[in-house]
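Just below is one structure, and these are the notes that go with it.
Nothing in this text is a laboratory measurement; each read-out follows from the coordinates by a stated rule. Source: prediction; values computed, not measured. Backbone-built Cβ (ideal geometry, glycine too); neighbour counts: all protein chains shown.
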């Protein structure tokens, strides 16, 4: 795995796509170096967009949270797995309207916002995100629906989420249990898939060759960035990296975003912060 060198010739950078949990904050605690770096990029006019697998927050939630850390953004600077999941169902399954949701209120709201019915009555689609109130009964309903032919969708496969004092099970932990019970592989919306990355690129208006992906997890953030054709940077402030020869490694690994030094090239079509 390559480490950042100050002598390396970086491409001129027009935009940043970044994860949140483990990069900008851990739980309720900001990662101060990261907040400082994003503020510096913003002051220089470098556009960025956050992509989060966490389906428990809305873009407005993220805006308020980052504002409390001293980083001012707009809701359009955030792409969530909840909103992307709702858009994917509406676009790819136009004839399926009854959705059973295991997840936070933000995921339920995102599904309902696109005029889909959230119900446990003969659901045609099962959507699973992070649900801190998950129960055996919820999982039983999901299992029976999937065994009955419902489409099985997961907002993300994250097994761990960084917190201020350690880690907690992510949505992927419960997703894996239902997948094992039904012997059905879920459709994944969030990273490592590229759906959110593509949305972020369209919002930024920058080219792949001059956009950087930043994340703390090789299995999700880095894979999504590399699959989308972006230069990818792993920052070691979140989930500890694990070597896996089956995964595409990051281009660079840093311990702090303050180590990132590159020429900024402002794009005429880039998003304004």
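One decimal place: the segment residue 42-residue 165 gains 41.3 nm when fully extended, by the rule 0.36 nm per residue minus the C-alpha distance.
Taking 0.36 nm per residue of sequence separation and subtracting the Cα-Cα distance, how much length would be gained by fully extending the chain between residue 243 and residue 12, in nm to one decimal? Intermediate values should be presented prior to the final figure.
Numbers: separation 231, 0.36 × 231 = 83.16 nm, distance 2.91 nm.
Gain on extension, residue 243 to residue 12, equals 80.3 nm.
Normalised radius of gyration for the stretch 151-273, please: alpha carbon Rg relative to 2.2 N^0.38 Å, two decimal places.
Working: Rg = 16.0 Å, N = 123, 2.2 N^0.38 = 13.7 Å.
Relative to the rule-of-thumb radius for its length, the stretch 151-273 sits at 1.17.
Which percent, to the nearest 5, of DSSP beta bridges fully inside the stretch 153-256 are antiparallel? The antiparallel proportion sits near 30 percent. Name the residues of the stretch 163-195 whose amide N is less than 18 Å from a point 7 angstrom out from the Cα of residue 29 along the C-beta direction? In the stretch 163-195, the label zone of residue 29 (backbone N under 18 Å from the point 7 Å along Cα→Cβ) covers 163-169. In the chain, the DSSP beta bridges split such that about 15 percent are antiparallel, to the nearest 5.
I need the per residue convex hull volume for the stretch 37-101, using only the alpha carbons, in cubic angstrom as a whole number.
Details: hull volume 6.1 nm³, N = 65.
Here the figure is 94 Å³ per residue.
Between 0 and 90 degrees, the angle of helix 136-147 with respect to the longest Cα principal axis of the chain falls at about 80 degrees. When the inverse distances between all different Cα atoms of the stretch 127-219 are averaged and flipped, the Kirkwood radius reads 15.0 angstrom. Distance distribution P(r), the stretch 82-188, all Cα-Cα pairs, bin width 10 angstrom from 0: 16, 51, 28, 5, 0 percent.
Averaging the Cα positions of each part gives two centres, and for the stretch 165-200 and the stretch 31-93 these lie 19 Å apart. At the listed q of 0.13, 0.27, 0.29, 0.31 Å⁻¹, the Debye profile of the stretch 92-140, built from one uniform point per Cα, gives log10 I(q)/I(0) equal to -0.28, -1.08, -1.19, -1.29. With the simple model of a label 7 Å out from the Cα in the direction of the Cβ, residue 264 to residue 137 spans 5.3 nm. Taking only the C-alpha atoms of the chain, the Rg (one decimal) and the largest Cα-Cα distance, Dmax (whole number), read 18.5, 60 Å. Placing a label point 7 Å from the Cα of residue 202 along the Cα-to-Cβ direction, the residues of the stretch 35-77 whose backbone N falls under 15 Å from that point are 76-77. Given a Förster distance of 25 Å, report the FRET efficiency between residue 92 and residue 122 from their Cβ-Cβ distance, rounded to the nearest 0.05. Efficiency for this residue pair is about 0.80. For the chain, the longest principal axis of the alpha carbon atoms and the long axis of helix 171-182 meet at an angle near 40°.
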